[in-house]
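Quick note: the coordinates plus some simple rules give every number you see, no bench work behind them. Given the structure is predicted, the values throughout are model-derived calculations rather than measurements. Because the Cβ atoms are built from the backbone with ideal geometry, glycine has one as well, and the counts that use them run over all protein chains shown.
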Amino acid sequence: MRSKIVAGNWKMNTTVNEGEALIQGILAKMEEVPASVQLVVAPPFTHLVPVQALLKDSAVALSAQNCADQGKGAYTGEVAAPMLSALGCQYVILGHSERREYYGETSETLVRKIDLALAEGLKPIYCVGEKLEEREANRHFDVVEAQIREVLFHLTAEQFAQVVIAYEPVWAIGTGKTATAEQAQEIHAFIRRTIADHFGAEAAEAVSILYGGSCKPSNAKELFACPDIDGGLIGGAALKAEDFIGIAVSF
């Protein structure tokens, strides 16, 4: 049985006080969430310590939004994987389309980040997905396959078992557009086949693949009903406790 995961990526939003209030709102509604659903929150780096304290003894897991591609050293402004694991993070989001586009992250960079995260016991939520022009050119399968092959195929089966994949139709992030359930299921199934071709059918059946494009309470149930969609990487809707919980109860 694959893990059902609903992960909230807060991006560069909320002050620490606002983040604490958001966590308290989520925790107040946790009894509504099925025990089979793993909730994950990914606040900004500045919030990790107070949020971790609030999450203690709860069923909500803590994630960072990124980590450095070096383990330590003279890299001003960076945050390393060992620092995140020491704070109690269980997950880290890597390869998000915003990191690729705005900060020039390449497959080579992401291989280093994946390896460092896994070495620290962090579970990477590895993001893949195509831009609008790539989908319109019917290149979306090629783009996603390359992102998986170049960054994950060097892993052992044991390492890969710790990875979560998030498919982001980049053209749907922050635009209000959403892939149809059919479009989302099609590419999620393709991702699973790509994994099966390299790591085997058992690994492909076990990996959780999340949908990451404008998922909200109004469309979550239809998306989560698809056989290869195991949850969501949530952006804007994760900033309201009621909406985040509303997505989590859609399974």
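With +1 assigned to the C-beta of every Lys and Arg and -1 to the C-beta of every Asp and Glu, and no other charges, what is the dipole magnitude of region 4-248 about the Cα centre in debye, to the nearest 20? Display every interim value, and only then the final one.
Working: 20 positive and 32 negative charges, 80 e Å.
Using only the charged Cβ atoms, the result is roughly 380 debye.
Along the charge dipole of the chain, Cβ charges K/R +1 and D/E -1, which of Leu54, Ala86, Ala201 sits furthest on the positive end? About the Cα centre, the residue reaching furthest to the positive side is Leu54.
Given a Förster distance of 41 Å, report the FRET efficiency between Ala53 and Glu222 from their Cβ-Cβ distance, rounded to the nearest 0.05. It would help to have the intermediate numbers written out before the result.
On the way: r = 36 Å, r/R0 = 0.89.
Using R0 = 41 Å, I get an efficiency of 0.65.
Divide the volume of the convex hull around the Cα atoms of region 51-199 by the residue count and you get 139 Å³ per residue.
Annotation note: GluC sites (Glu not before Pro) in region 1-47 located in DSSP loop regions with a Cβ neighbour count of at most 13 within 10 Å are absent. In this simple spin-label model, placing a label point 7 Å from the Cα along the Cα-to-Cβ direction at both Lys177 and Ala161 gives a separation of 4.0 nm.
Return the calculated 222 nm mean residue ellipticity for the chain, to the nearest 500 deg cm²/dmol, obtained by summing -39500 (n - 2.57) across DSSP H runs with n ≥ 4 and dividing by the residue count. Intermediate results must be reported in sequence, preceding the final value.
Working: 12 runs with 110 residues, N = 251.
Taking each H run of at least 4 residues, the total per residue is -12500 deg cm²/dmol.
Between the alpha-carbon centres of region 3-28 and region 127-141 there is a gap of 30 Å.
Choose one of Ala157, Gly236, Thr106: the residue whose Cα lies farthest towards the positive end of the charge dipole of the chain (beta-carbon charges +1 Lys, Arg; -1 Asp, Glu; about the Cα centre). Checked the options; the winner is Gly236.
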